[in-house]
Amino acid sequence: MDTYKIILEAHSGIAYVALFTVGVAAINALIGLSAKNEFKPKDRRIALFGLIAAHIQFVIGLILYFVSPKGFSLFGQAGMKEIMGNSELRQMAVEHPIINILAIVFITIGWSTHKRAEGSNAKFKKIAIFFTLGLLLLLSRIPWNVWFS
């Protein structure tokens with residue numbers, strides 16, 4: 001199995017873990033917020049696992065972007081006009097990476113701002129808002145046709 005295939009399989013496999021852990025962190029925060037629970041170390045760990053999984057997925061995706069024939073190399077091969085005119089190429093070479101970078105930024109903001117927030121309600125709120133936004137962005141740009149083929 002070549003390097004590209006290994007990285008592609010890792011990126012696809014870890015995506016399940018990242019989506020699951022970010023989703024669990026968002027749901028946990030929403031439950032904690034609505035139930036007015038105290039923010040405990042377990043809540044911090046749940047969010048941290050989501051953050052770590054999302055960042056691991058991002059690093060593998062970034063590597064994949066530069067070794068994949070459907071990533072950065074497309075700009076040299078096909079050119080911007082052809083990429084932007086083809087929805088499948090545009091999704092893989094432009095939309096997927098940009099939107100996923102934004103998702104990671106939101107998740108990171110949620111993690112960072114919750115640490116400075118005062119009180120359990122504020123901590124849950126930061127994680128709930130930013131992790132949910134990140135999760136929605138991640139789900140919006142998954143190449144479902146490629147993932148399930």
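Residue by residue through the range 120-145, note down the ones that are surrounded by fewer than 20 Cβ atoms within 10 Å (Cβ to Cβ) and either over 17 Å from the mean Cα position of the chain (by Cα) or touching a residue at least 60 places away in the same chain (Cβ under 8 Å) (or both).
120, 121, 122, 125, 139, 142, 145
So which of 100, 86 ends up being of a type outside the set (A, V, I, L, M) and either modelled with pLDDT under 90 or more than 23 Å from residue 3 (Cβ to Cβ) (or both)?
Sole residue among the options that is of a type outside the set (A, V, I, L, M) and either modelled with pLDDT under 90 or more than 23 Å from residue 3 (Cβ to Cβ) (or both): 86.
What are the pairs with Cβ atoms under 8 angstrom where one residue, in the range 10-39, is at positive phi and the other, located anywhere, is buried (at least 16 other Cβ atoms within 10 Å of the Cβ) and at pLDDT 95 or above? Sequence gap at least six, or different chains.
Cβ pairs passing all conditions: 36/120.
Could you please find all residues in the range 70-82 being over 23 Å from the mean Cα position of the chain (by Cα) and of a type in the set (A, V, I, L, M)?
Within the range 70-82, 78, 80 qualify.
Looking at (1) in a helix (DSSP H, G or I); (2) basic (Lys, Arg); (3) closer than 19 Å to residue 91 by Cα, can you tell me which one residue 70 breaks?
(1)
Criterion first (farther than 24 Å from residue 13 by Cβ, surrounded by 15 or more Cβ atoms within 10 Å (Cβ to Cβ) and aliphatic (A, V, I, L, M)) does residue 93 satisfy it?
Judged against the criteria, residue 93 is not a match.
Can you say whether residue 86 is touching a residue at least 24 places away in the same chain (Cβ under 8 Å) and more than 19 Å from the chain's Cα centre (by Cα), as far as the supplied structure shows?
no
When only residues in the range 43-90 that are loosely packed, with under 15 Cβ neighbours inside 10 Å and of a type in the set (Ser, Thr, Tyr) count, which is nearest to residue 127 (Cα to Cα)?
So, considering only residues that are loosely packed, with under 15 Cβ neighbours inside 10 Å and of a type in the set (Ser, Thr, Tyr), the one nearest to residue 127 (Cα to Cα) is 87.
The values are calculated or read from the model by the stated rules, or taken from the named source; none is laboratory data. Being a predicted model, the structure only gives us computed values, none of them experimental. Heads up, the Cβs are rebuilt from the backbone with ideal geometry, glycines too, and the neighbour counts pull from every protein chain shown.
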